[in-house]
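> Structure in structure tokens, see below.
FYI, it's all coordinate maths here, none of it is from the lab. None of the values given here were measured: they were computed from a predicted structure. Neighbour counts are summed over all protein chains in view; Cβ atoms, including those assigned to glycine, are modelled from backbone coordinates with ideal geometry.
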Amino acid sequence: MCYAVPTAGAIVTSFMLSKNKSPELGKLNLLLWGGAMFGVIDHLWNRELFLISPDIANDLFLGITLSITAVWAILVFSARYSRRVILK
């Protein structure tokens, strides 16, 4: 079930994106949809789509969503930092 949180995040950011056309938010949205698709395909491949492990907190929150958000934050920070360096 580690694909549930990226899917929920992707749905939320899709609604947010309809009101706010931020490029950073658009990138996060694409990353979350990709993570959700990866999770579903991975679980289908391994025939574990609806299995819940004994440690559901790890499945839900420490899965791919944390990695996606960290990569997105690094990309946004580095883009903003590089703009400051180039403009000086």
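> Ranked by Cβ crowding within 10 angstrom, fewest neighbours first, how are Ser22, Ser78 ordered?
Details: Ser22 13, Ser78 10.
So the residues, fewest neighbours to most, are Ser78, Ser22.
> Okay, moving on. According to a simple spin-label model (label point 7 Å from Cα along Cα-to-Cβ), what is the distance in nm between Phe38 and Leu66?
For Leu66 paired with Phe38, the spin-label model returns 1.5 nm.
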